[in-house]
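Heads up, the thing below is written out as structure tokens.
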């Protein structure tokens, strides 16, 4: 992968994550990091696995039913 493609990929995924997370979450996470350092790392690991599990379940449901989650 060329340097240009890497930079474009980083920019693209940064925009996607910023849209998903939002400024309030970034501010809260920054303040928590300042106050608690690495003591809350377990929460990050847990929430990452929980998010993966729930997104996979919703993807399977959507594929199986041929309907989106709003229907």
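Data for the structure
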| read-out | value |
| --- | --- |
| Computed helical MRE - 222 nm, the chain, DSSP H runs ≥ 4 contributing -39500 (n - 2.57), nearest 500 | -28000 deg cm²/dmol |
| Label-to-label distance, nm, for residues given as residue 60 and residue 14 (7 Å Cα→Cβ offset) | 3.6 |
| Matching label, Cα Rg over 2.2 N^0.38 Å computed from the structure shown, candidates [x] 1.30; [y] 1.37; [z] 1.49 | [z] |
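Here, each number is a calculation from the coordinates, and none is a lab measurement. Not measured: the values here are computed from a predicted model. Methodologically, a virtual Cβ is constructed for each residue, glycine included, from the backbone with ideal geometry; neighbour enumeration extends over all protein chains shown.
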